[in-house]
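The values are calculated or read from the model by the stated rules, or taken from the named source; none is laboratory data. From a predicted model like this one, the values you see are computed outputs, not experimental measurements. No Cβ is skipped: glycine too gets one built from the backbone with ideal geometry, and neighbour counts run over all protein chains shown. Calculation scope for accessible area: heavy atoms of the full protein, side chains included, ligands and nucleic acids excluded. Shrake-Rupley method; radii C 1.70, N 1.55, O 1.52, S 1.80 Å.
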Amino acid sequence: YWLQTGFYDSRTLERLPAFSPDGQPAGDRILLGPIKIVSPSSPPPPAPRHPVVARLGEHVLLLGYDLHVSASGALIVDLYWSADGPVEEDYTVFLHLADRFGRVLAQHDGQPLGGANPTSLWLPGEVVVDRREVALAPGAPAGTYRLLVGMYDLDTGQRLAAFQQEQRLDRDQVPLQAVVLPMEATP
């Protein structure tokens, strides 16, 4: 969550100007956060149907994923992430559908949960289920494709080093299952 705060004149209800810590005008309110609210009684998420053990960077773990096809023909991928220590930065997740030559047919890039749960707020041991929808262009060529996932720093484009069983993965991307197009929608 993000909190907004500001001041106003109680007689006129006019909002007073706000300023950033360095004295720059910040409109009429200050944004505080992000703030994470955790419920200790929340049940743990279910285990992923397709377990994967991969490490990205120092503390990010990919535990597995679920995959199905929506009625509209989009691939729906639920990625199960965790952290085994503090993650200092907010990383962007990429999910690519690529052919055997590595050419990307479709993709979905963005922060976990659409920015609602950035990696810097992840608590050690917490499991984050991040749903990704990869829309396929009408008439996408039939064939066998690979799902590839990883993370990168949005400012620099630098990918987090990706490892499985202590072996660094090619192009710092974790291969998931092969996908054969066209696919049938699942309920």
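Remarks
- Residues in the stretch 12-23 that are closer than 29 Å to Asn117 by Cβ and out of contact with any strand residue (DSSP E or B) (no Cβ under 9 Å at 6 or more places or on another chain): 2 in all.
- Summed over the stretch 116-160, residues that are among the polar types (S, T, N, Q) and either open to solvent by 70 Å² or more (accessible area, probe 1.4 Å) or assigned to a loop (DSSP other than H, G, I, E, B) (or both) total 4.
- Qualifying residue in the stretch 161-183 (condition: open to solvent by less than 50 Å² (accessible area, probe 1.4 Å) and in contact with a helix residue (DSSP H, G or I) (Cβ under 8 Å, 6 or more places away or on another chain)): yes
- Note on the stretch 1-86: enclosed strands (runs of 3 or more DSSP E) holding 1 or more residues that are without any contact (Cβ under 8 Å) to a residue 40 or more places away in the chain are 3-5, 30-32, 50-56, 60-69.
Yes/no matrix, rows are residues, columns are (1) among the basic types (Lys, Arg); (2) open to solvent by 60 Å² or more (accessible area, probe 1.4 Å):
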| residue | (1), (2) |
| --- | --- |
| Ala18 | no, no |
| Arg29 | yes, yes |
| Ala54 | no, no |
| Glu58 | no, yes |
| Gly64 | no, no |
| Ser82 | no, no |
| Pro86 | no, yes |
| Arg100 | yes, yes |
| Ala106 | no, no |
